[in-house]
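Peer 1: Right, I'll just put the structure down here and ask away after.
The values are calculated or read from the model by the stated rules, or taken from the named source; none is laboratory data. What you see is a predicted model; the values in this text were computed from it and never measured. Glycine gets a Cβ as well: all are built from the backbone with ideal geometry, and neighbour counts include every protein chain shown.
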Amino acid sequence: MSTTVLETQTALDQALQASTAPRHKSSVEVTDYNNRQTVGKITVDNPKMVCRDVDVFYGAKQAIKKVGLDIGANEVIAFIGPSGCGKSTFLRCLNRMNDTIASCRVTGQIMLDNEDIYAKEIDVVQLRARVGMVFQKPNPFPKSIYENIAYGPRIHGMVNTKAELDELVHDSLERAGLIKEVEKRMQEPGTSLSGGQQQRLCIARAIAVNPEVILMDEPCSALDPIATAKIEELIDELRENYTIVIVTHSMQQAARVSQRTAYFHLGDLIEIGDTDQIFTNPRHKLTEDYITGRFG
Amino acid sequence: MQFFLLLALILLSAVAYYLGRKRALTVAGGQIRNLHSLPSFYGSYTALWCGLPALAVLALWAALQPDILTNLVVADLPTELRDLPPDQLNLVVNNLKNLVSGHFVSSTTDPAMQAAAERYQNLRLIGNAALWVVALSIAMGGIAYAWRRIAPTLRARNSVESVVTIFLIASSTVAIFTTIGIILSVVFESLLFFRQVPVSEFLFGLQWSPQTALRADQIGSSGAFGAVPLFGGTLLISGIAMLVAVPIGLMSALYLSEYATPKFRAFAKPALEILAGIPTVVYGFFAALTVAPLIREIGTALGLHVASESALAAGLVMGIMIIPFVSSLSDDVINAVPQSMRDGSYALGATKSETITRVLLPAALPGIVGSILLAVSRAIGETMIVVMAAGLSANLTANPLEAVTTVTVQIVTLLTGDQEFDSPKTLAAFALGLVLFVVTLILNIIALRVVRKYREQYE
Ligand SMILES: Nc1ncnc2c1ncn2[C@@H]1O[C@H](COP(=O)(O)OP(=O)(O)OP(=O)(O)O)[C@@H](O)[C@H]1O
Ligand SMILES: [Mg+2]
């Protein structure tokens, strides 16, 4: 194993200098990009999303370097890595939220159900309805709880009658495990809820438009352990119907909720694999350092 | 004379500053750490003790000197002058003062007066000399006092800072007291007006014709003070202005904050704000010489009758003038809506226009309303444009093509030219001013409340 590590580290340096070395064919265990390897199997049997050769630049600065990975249908995949390594950046590529940042440029291929989401004919509005997102800080709209949930279905014309909308709102809140707490106060502003409730409201808001994939960027970082536990429980339930990508700084959380884990480091995808294996038996030195607390 | 004394005191204070600093360093044995405050504070402390008491004496003297001197001189006047009735005595004193300041006064060849004037001048010389002595000794005394008090434990910084605080408080109250003074004078004059013209007639009367008869037999100058046509005209012109300013201002705010590239925004926002910096008199002649004739021509071409001074011309130009009030403030409040709101909306698959109309505008609405209210109060108080472009005839009409007049224009016409200051015609200006003041004050208070409430929302 020590040789692999050495190889990879020199290779990393080469990759930083944008080497033009020829690309090798990807093997089962190790995917090699420009001499830089991602340890672990990046593919899955029934992928929901497939990413290949993804580069992201902010102006001249490269934030993501040739990242390739699959996201399986109905799986929870966790992105971990030290701060600034590009987890959020990569996550935001998956529903093209990076389009809102003027300096941001994305190249490579990201497919959702075998459709390139960066293709010209793709409508990002529809894409984002299929790939929803929950942010690090709860961001309910300054509207009533009801209106917060009803916003998405309304703009997508998902319901025809008030009764249908009522039912959809109720249903979404129920699935987000919030209904008991807010049933009697639907008309109160969403901002009047506690932080944990607000985050669940945002999750309810995201699932109200019935997306296929839900992206969560550190959804629990602003919450206390009890609220966090509720959301983790919720993620576990949501997995039945949705594919979930979660960025987290908590190793325990990644271990608890996810089936696969990807470790990012300075814009590189270093290692990817089953969550159990990553946490019990990391194969890359950097991953090991990170999860044993020697880094970051 | 007193100017040089002032200069001397300032110089002395500068010297005191250095003395105090040096003294502090000496008592501290050259170690700044032994001192309670930095040496410069001891310097300022000494300078303040040197300058302030002396300045107070100087100010007191400047305020009291003329009265004291006059009293002394009058007391010495021959009895036949002294025993004159008060108003004639006043005349004598005035003559005396004119004589003293060397003005030519025709009727004073009276030797008694000459003598009194000389005495006055003498007394003044003595007084000034005394002032020099007193002020300088007080300044020296101040230095000595501070010098004696300087010790490592003296809290010089605290003393200096409390003096500075007093200065700051005094400065900040200047504006407040000025405002209070203006309000009081306007209210007082308005009360005089309402003694002659009933409030109800002023507020609800439909006839405005402020020419009052100077002679009893004059015809055609009835003096009617019903201000409704003025309120109507003000409302009409402000209404037209808001019809122009609100949509244009709001849309440019939306474009600037949501659509424009940062580069364009950096150029366009200041450019828009220049509109607010153009002197209103320039807008005025633009309205009177360019817009009004244009409207008249268009109107005639369409077969409409357009007055050469129309509410429309004034309102249009005023609207352009207040665009930046609406656009700049609205742009600020729209920008202040956190990016996370936009992200939240986009992440649900909302388009830009859905995000703007359903999330941003509702969230920014209070701030936008506030900016519009501020713009309205600006429009109501605007004078120059309407003076030049709207005319003077107090028509009560809703037709924007006719000439109307506004509250501000009438204030200007009532107070320009030679006036009797107690005629209802002149006093009416104060009553109008009071109305204007109350209305804009209320609008401003509401607007500021609304804006402030909005600011707190995301904190
Ligand atoms: N809008 C932006 N403009 C320029 N550079 C950016 C921008 N957003 C992120 N970056 C840069 O891209 C790199 C990756 O940032 P990213 O936010 O993806 O990190 P992260 O892994 O999510 O970190 P954290 O765990 O702290 O959230 C960082 O070096 C960051 O400075
Ligand atoms: Mg992040």
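Peer 1: Quick one: in segment A:71-88, of everything that is surrounded by fewer than 22 Cβ atoms within 10 Å (Cβ to Cβ) and not in a strand (DSSP E or B), which residue is nearest to ligand 2 (Cβ to nearest atom)?
Peer 2: Once the filter is applied, the top-ranked residue is A:S88.
Peer 1: Which one of the conditions (1) touching a strand residue (DSSP E or B) at 6+ places or on another chain (Cβ under 6 Å); (2) surrounded by fewer than 16 Cβ atoms within 10 Å (Cβ to Cβ) does A:T161 fail to meet, given that it meets all the rest?
Peer 2: Only one criterion is unmet by A:T161, namely (1).
Peer 1: Let me ask you something else. Please tell me if B:V376 is buried (at least 23 other Cβ atoms within 10 Å of the Cβ), within 23 Å of the chain's Cα centre (by Cα) and more than 14 Å from every other protein chain (Cβ to nearest Cβ).
Peer 2: yes
Peer 1: Of the conditions (1) within 14 Å of another protein chain (Cβ to nearest Cβ); (2) part of a strand (DSSP E or B), A:G68 clears all except one; give me its number.
Peer 2: The one condition A:G68 does not meet is (1).
Peer 1: From the residues in segment A:42-65 that are touching a helix residue (DSSP H, G or I) at 6+ places or on another chain (Cβ under 7 Å) and away from ligand 2 (no atom under 16 Å from the Cβ), which one is farthest from the other protein chains (Cβ to nearest Cβ)?
Peer 2: A:K65
Peer 1: Out of everything in segment A:170-190 that is within 14 Å of another protein chain (Cβ to nearest Cβ) and under 25 Å from the mean Cα position of the chain (by Cα), what residue ends up being farthest from A:V209 (Cα to Cα)?
Peer 2: In this case the residue turns out to be A:G190.
Peer 1: Also, quick follow-up: Could you run through segment A:89-120 and say how many residues are in contact (Cβ under 8 Å) with a residue 12 or more places away in the chain, away from ligand 2 (no atom under 16 Å from the Cβ), more than 19 Å from A:T243 (Cα to Cα) and in contact with a helix residue (DSSP H, G or I) (Cβ under 8 Å, 6 or more places away or on another chain)?
Peer 2: Looking only at that region, the number is 2.
Peer 1: Are any of the residues in segment A:110-127 under 18 Å from the mean Cα position of the chain (by Cα), more than 16 Å from ligand 1 (Cβ to nearest atom) and among the aromatic types (F, W, Y)?
Peer 2: Yes, that holds for at least one residue.
Peer 1: Filter segment A:191-210 for residues that are closer than 16 Å to A:L223 by Cα, within 14 Å of chain B (Cβ to nearest Cβ) and at pLDDT 90 or above and give the result.
Peer 2: The answer is A:Q198, A:Q199, A:L201, A:C202, A:I203.
Peer 1: Against the conditions (1) part of a helix (DSSP H, G or I); (2) closer than 30 Å to B:L192 by Cβ; (3) aliphatic (A, V, I, L, M), where does B:L392 fall short? Just the number, please.
Peer 2: Unmet for B:L392, out of (1) part of a helix (DSSP H, G or I); (2) closer than 30 Å to B:L192 by Cβ; (3) aliphatic (A, V, I, L, M): (1).
Peer 1: Also: Could you please find all residues in segment A:84-120 being small (G, A, S), out of contact with any strand residue (DSSP E or B) (no Cβ under 6 Å at 6 or more places or on another chain) and away from chain B (no Cβ under 14 Å)?
Peer 2: Matches in segment A:84-120: A:G84, A:A119.
Peer 1: Are any residues in segment B:1-45 in a loop (DSSP other than H, G, I, E, B) and free of Cβ contacts under 8 Å to residues at least 40 places away in the same chain, and if so, which ones?
Peer 2: Across segment B:1-45, the qualifying residues are B:G29, B:G30, B:Q31.
To keep it simple, each residue is scored yes or no on (1) within 17 Å of the chain's Cα centre (by Cα); (2) in a helix (DSSP H, G or I).
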residue	(1), (2)
A:L201	no, yes
A:A206	yes, yes
A:M216	yes, no
A:I226	no, yes
A:R256	yes, yes
A:A262	yes, no
A:D276	no, yes
A:E288	no, yes
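Peer 1: So is A:V213 within 13 Å of chain B (Cβ to nearest Cβ) and away from ligand 2 (no atom under 16 Å from the Cβ) or not?
Peer 2: yes
Peer 1: Also, quick follow-up: When the residues of segment A:121-162 are filtered to those that are within 16 Å of ligand 2 (Cβ to nearest atom) and not in a loop (DSSP other than H, G, I, E, B), which remaining residue is farthest from the other protein chains (Cβ to nearest Cβ)?
Peer 2: Once the filter is applied, the top-ranked residue is A:V134.
Peer 1: Looking at B:P362, B:P400, B:P366, which is the one that is modelled with pLDDT under 90, farther than 30 Å from A:I207 by Cα and within 12 Å of chain A (Cβ to nearest Cβ)?
Peer 2: Exactly one of B:P362, B:P400, B:P366 is modelled with pLDDT under 90, farther than 30 Å from A:I207 by Cα and within 12 Å of chain A (Cβ to nearest Cβ), namely B:P366.
Peer 1: Of all the residues that make up segment B:343-357, how many are assigned to a helix (DSSP H, G or I), facing another protein chain (nearest Cβ under 7 Å) and either under 16 Å from B:I445 (Cβ atoms) or of a type outside the set (A, V, I, L, M) (or both)?
Peer 2: Result for segment B:343-357: 4.
Peer 1: Every residue in segment B:189-201 that is of a type outside the set (G, A, S) and surrounded by 12 or more Cβ atoms within 10 Å (Cβ to Cβ), please.
Peer 2: B:E189, B:L191, B:L192, B:F193, B:F194, B:Q196, B:V197, B:P198, B:E201
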